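Beneath this line is the structure, given in structure tokens, with notes to follow.
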Amino acid sequence: MRILTVDDEPLILNGLVKIIREAAPSGTEVREALNAYEALALMKDFVPDVTITDLNMPEKNGFQLIEEAKQCGWCDRFIILTGYDEFEYVRKALRAGVVDYLLKPIDKVEIASLLERVQGELPSEFDAEYTCHAQRILAYMKTHFRKDLSLDHLADMMNLHPNYISSLFKKETGHTFVNYLNMLRIKEAQKLLLAKRDLPVSAIGQQVGYDNKHYFTKVFKKYTGTTPGTYRNSEHLGLIEGGMES
């Protein structure tokens, strides 16, 4: 977990950082800023999971920091830490969608419990996001496997890193991206070979994404144990080898 702590009083900030580091879950990275401008500059690269900020700061206050950070997409979780126990502040904080509103001096047990809750929310959101990405990617593959697909193309389409998609494929399907793509294509080729017996093998290959007949034959044999022509002429369909499901 990444935490950014913001307060315009250096001594108070140092004390807050010390307490937060002691209270935060193991492995947490804590950074600090003395004002909203410094905080926003840090957020661009640090992208904190949660920002703990004072409200009354010169030039740009805590609420303005929250609004700008959310608009830029740099942080969407904020804990307000202030010495002002006023209803108007609390109401405004709730409208800003903050995680919590804490009063100074900070209570170590209270902040520890709060940060543990935030960390618990993070894995839950990650799992939900991961599942959503997996569903989108696999659905796209099933619809567009006939096209000239690559991992980089898919990453651009989904606005995700290629390495992330690669690990997602392995976790969700047990196969690499290329293996999964070939499986989809060969399954469709099997159907077409039997349904359209008058269509040349090369044409079948092109319909499922292989422009080169020899490469199509090579891949088909790898996954089925036989050539497209032999498969079409055989009355015995069997199961595809290489881990493919029927």
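The table that follows gives values for the structure above.
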item	result
Cβ crowding within 10 Å averaged over residues, with 14-21, 131-138 ranked highest first	14-21, 131-138
Structure-derived Rg and Dmax of the Cα atoms in Å - corresponding label in (1) 27.6, 83; (2) 19.5, 67; (3) 23.9, 78	(1)
Percent accessible area from carbon and sulfur atoms, the chain, protein chains only, probe 1.4 Å	50
GluC sites (Glu not before Pro) restricted to DSSP loop in region 22-65 with at most 16 other C-beta within 10 Å	Glu59
Area accessible to solvent at Arg146, 1.4 Å probe radius, in Å²	110
Relative contact order (%) - the chain, alpha-carbon pairs under 8 angstrom, separation at least six	12
Charge tally in the Cβ shell below 13 Å around Asp127, where Lys, Arg are +1 and Asp, Glu are -1, Asp127 excluded	-3
Prolate/oblate/rounded call for region 110-246, Cα gyration tensor, a/c under 1.5 rounded	prolate
Debye, to nearest 20: dipole size of region 1-154, +1 on Lys, Arg Cβ, -1 on Asp, Glu Cβ	640
Dipole of the chain, positive end: most advanced residue of Tyr231, Val219, Gln135 [Cβ charges, Cα centre]	Tyr231
Leading residue at positive end of dipole, region 98-170 (Cβ point charges), from Val99, Ser124, Phe145	Phe145
Region 78-141: C-alpha gyration tensor shape, a/c 1.5 cut-off, then a/b vs b/c	oblate
The chain - mean residue ellipticity at 222 nm from DSSP helices (-39,500 (n - 2.57) per run, n ≥ 4, rounded to 500)	-19000 deg cm²/dmol
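The values are calculated or read from the model by the stated rules, or taken from the named source; none is laboratory data. Note that this is a predicted model, so its numbers are computed, not measured. Every residue, glycine among them, receives a Cβ derived from its backbone with ideal geometry; neighbour counts consider all protein chains shown. Surface accessibility is based on the protein's heavy atoms, side chains included, excluding ligands, DNA and RNA. Shrake-Rupley method; radii C 1.70, N 1.55, O 1.52, S 1.80 Å.
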